[in-house]
Amino acid sequence: MAPSDVAIIGTGLHPFGRYPGKSALEMGEDAVIEALADAGVEWSAIQALYAGSMEVKNPEAIVGLLGLTGVPGRAVFTGCATGATSLAMAANAIRLGDADIAIAIGLDKHPRGAFSDHPSVSGLPGWYGEAGLFLTTHFFGMKINRYMHDFGITPVTLARTAAKAFRNGAANPRAWRRTPMTEEQILESQYLNYPLTQYMYCSPDEGAAAVVLARADLASKYTDKPIYLRASTLFSRREGAFELLSPSLPLETAPSPTVFASQAAYEQAGIGPEDVDVAQLQDTDAGSEVIHLAENGFCKDGEQETLLAEGATEIGGKLPVNTDGGLLANGEPVGASGLRQIHELVTQLRGRAGDRQVAGTPRVGYAHLYGAPGTAAVTILST
Amino acid sequence: MAQQVPLAEDLFTWPAEEPALIGGRSSDGKVVFPYRSHKLVGGVNEELERVELPRRGTLWTFTGQRFRPPSPPYAGDDTPKTFEPFAVGYVELPGALRVETRLTEADPDKLHIGQEMELRIVPFGTDADGNQTMIYAFAPVGAEEGHGDGSE
């Protein structure tokens with residue numbers, strides 16, 4: 001594996017869910033306090049701050065709650081890939097010599113219901129929204145419908161994916177959805193966007209997460225179990241990729257940005273998919289997780305049908321995926337979601353995941369994000 | 001007097017005996033929809049040729065919309081009570097592109113990938129001047145006219 005110059009020394013989470021009366025910044029504050037305690041550093045030791053949020057325009061205003069130390073604080077946003085970006089920018093601040101200790105923070109508080117906005121925020125004409133087409137959920141239904149047709153994936157495989165998420169959520173005391181559901185219940189719930197049913201979708205919600213990073217050569221000062229950052233990549237869509245919110249697509253197709261982010265990340269880390277012990281894959285819906293298994297190199301298109309029947313992605317399987325319940329069981333506060341993934345991977349790699357701990361000594365963790373307007377990010381961590 | 005007007009300019013030819021979607025073609029033969037006047041092609045800011053897209057194609061993929069989309073931006077004439085679920089999909093127009101579109105058939109059991117589809121211009125809502133807005137949709141070939149989007 002390639003050497004690493006940045007280590008994660010602490011993580012914190014404000015559990016995702018619904019918290020009436022509590023602001024996103026206050027949730028962020030709780031996550032930061034937990035991450036600082038985990039890292040064993042004081043707030044005043046933080047030399048660079050990157051904060052991501054969709055609903056809070058200036059998430060770096062969190063310094064008002066934590067202490068006005070003059071720390072350089074910057075807001076970052078790359079849609080659902082925001083968590084990977086705040087983490088990568090904090091790491092880069094360390095690599096550039098701007099900071100020895102930096103923090104990445106994500107916080108959000110979404111209103112109930114599907115995400116809604118004016119199409120112009122995504123560079124689309126007004127009529128696209130007026131006609132009822134400006135809905136990201138359409139894409140997820142259409143992509144998995146085509147994928148099932150092309151590669152022989154059945155609805156049962158989608159139901160298995162969702163059932164696993166709720167099972168893992170039940171084993172995670174900090175998950176939002178903690179009630180296990182049977183595959184039958186999931187299949188029989190009503191379609192939201194055919195072929196995806198109600199329980200195959202994640203919901204927007206609220207929450208925060210924070211990750212403290214340090215120069216790798218200083219990490220042992222703070223923790224006996226530093227987790228090293230081995231790769232972080234992000235790509236936008238290419239001409240021909242089947243992406244969210246596209247009024248038209250060219251006839252000539254191209255792979256999703258996930259494929260490029262994944263390949264580049266394996267190259268950066270000097271490892272392959274067979275070396276990954278535990279993974280977090282963007283599961284906006286059950287179909288997305290199924291597709292992302294192949295797009296991230298963990299199987300060939302269509303093999304998911306057998307792999308999931310064998311339980312390969314369960315906590316006891318050969319590649320545990322979304323061990324904390326993923327987006328399906330935690331919901332998606334967009335700015336924080338990617339750092340929840342990192343929090344869970346670090347928890348697993350340190351062997352602190354309790355009832356949901358992956359057996360053996362997992363060494364390599366893999367995190368993947370995907371969202372509007374066709375952006376994918378991959379982060380690879382290892383002990 | 002109230003009349004039927006396209007939901008937006010440059011979406012499709014209207015009024016027309018045989019309406020067609022309007023795309024923009026660059027010198028490399030590639031077509032974009034919706035039409036735009038110019039685009040970078042190989043580093044050159046090129047003016048695009050206005051072209052009419054094929055009226056028939058095949059269903060490439062589809063999904064359904066079960067609840068009324070958040071409004072705004074959604075501007076349908078319906079209310080949460082009168083909303084009728086609709087389907088959306090991509091229809092592959094030979095030699096041109098795949099266009100995202102509402103489908104006149106909302107029942108997923110009556111739709112399948114590869115199905116022959118044809119363009120319809122259907123009533124949608126009402127604009128600020130009281131005119132009836134019209135949008136494009138695709139219907140299974142042979143489906144009756146006028147049964148689109150709960151608008152019969």
Can you pull the accessible area of B:Asp129 for me, 1.4 Å probe, Å² to the nearest 10? 130
What aspartates and glutamates sit close enough to A:Lys22 to cross-link, taking a C-alpha to C-alpha distance under 13 Å and skipping anything fewer than 8 places away on the same chain? A:Asp30, A:Asp108, A:Asp205, A:Glu206
In nm², what is the average projected area of the convex hull enclosing the Cα atoms of region A:114-166? 5.1
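If you scale each eigenvalue of the Cα gyration tensor by 5 and take the root, what three semi-axes come out for region A:72-141, rounded to whole angstrom and sorted largest first?
Details: eigenvalues 232, 32, 22 Å².
Three semi-axes, in Å: 34, 13, 11.
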Of A:Pro320, A:Leu281, A:Ser189, whose Cα points farthest to the positive end of the dipole of the protein assembly as shown (charges on the beta-carbon: +1 Lys, Arg; -1 Asp, Glu; origin at the Cα centre)? A:Pro320
Among A:Gln268, A:Pro333, A:Phe140, the residue whose Cα sits farthest towards the positive end of the charge dipole of chain A (+1 at Cβ of Lys and Arg, -1 at Cβ of Asp and Glu, taken about the Cα centre) is A:Pro333
So what are the ³J(HN,Hα) numbers for region B:137-143, from phi and the Karplus equation (6.51, -1.76, 1.60; θ = phi - 60°), rounded to whole Hz, Gly and Pro as x? 8, 10, 10, x, 4, x, 5
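Largest first, what is the accessible-area ranking of A:His138, A:His118 with a 1.4 Å probe? Write down the numbers at each step before the final one.
Details: A:His138 0, A:His118 95 Å².
Most to least solvent-accessible, the answer reads A:His118, A:His138.
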Only Lys, Arg, Asp and Glu count, each charged at its Cβ (+1, +1, -1, -1), so figure out the dipole size of region B:4-140 about its Cα centre, rounded to 20 debye. 360
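How much net charge surrounds B:Gly57 when only other residues with a Cβ under 11 Å from its Cβ are counted (Lys, Arg +1; Asp, Glu -1)?
Details: positive: B:Arg55, B:Arg56, B:Arg98; negative: B:Glu92, B:Glu116, B:Glu118.
Residues near B:Gly57 contribute 0 overall.
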Taking all pairs of distinct Cα atoms, average 1/r, flip it, and tell me the Kirkwood hydrodynamic radius of the protein assembly as shown in Å to one decimal place. 24.2
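Where does region B:1-84 land on the Kirkwood hydrodynamic radius, alpha-carbon pairs, in angstrom? The partial results should precede the final answer.
Working: mean 1/r = 0.0626 Å⁻¹.
Answer for region B:1-84: a Kirkwood hydrodynamic radius of 16.0 Å.
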Taking A:Lys300 as the anchor, which aspartates and glutamates have their alpha carbon closer than 16 Å to its alpha carbon, excluding any fewer than eight residues away along the same chain? A:Asp150, A:Glu274, A:Glu289, A:Glu310
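Write down, largest first, the equivalent ellipsoid semi-axes of region B:43-141 in whole Å, where each equals the square root of 5 times an eigenvalue of the alpha-carbon gyration tensor. Don't jump to the answer; show the numbers that get you there.
Details: eigenvalues 127, 85, 31 Å².
Over the Cα atoms of region B:43-141, the ellipsoid semi-axes are 25, 21, 12 Å.
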Tell me the carbon and sulfur percent of the accessible area for chain A, rounded to whole percent, probe radius 1.4 Å. 51
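Using a 1.4 angstrom probe with every protein chain in place, what is the largest-first accessible-area order of B:Leu97, A:Leu234? Don't skip to the answer; put the middle values down first.
Working: B:Leu97 0, A:Leu234 75 Å².
The residues order as A:Leu234, B:Leu97, largest area first.
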Rounded to the nearest 10 Å², the 1.4 Å probe accessible area of B:Val141 is 60
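The values are calculated or read from the model by the stated rules, or taken from the named source; none is laboratory data. Keep in mind that what you see is a predicted model, and the values were worked out from it rather than measured. Neighbour counts are summed over all protein chains in view; Cβ atoms, including those assigned to glycine, are modelled from backbone coordinates with ideal geometry. Each accessible area value is taken on the protein alone, full model and side chains, heavy atoms only, with ligands, DNA and RNA left out. Shrake-Rupley method; radii C 1.70, N 1.55, O 1.52, S 1.80 Å.
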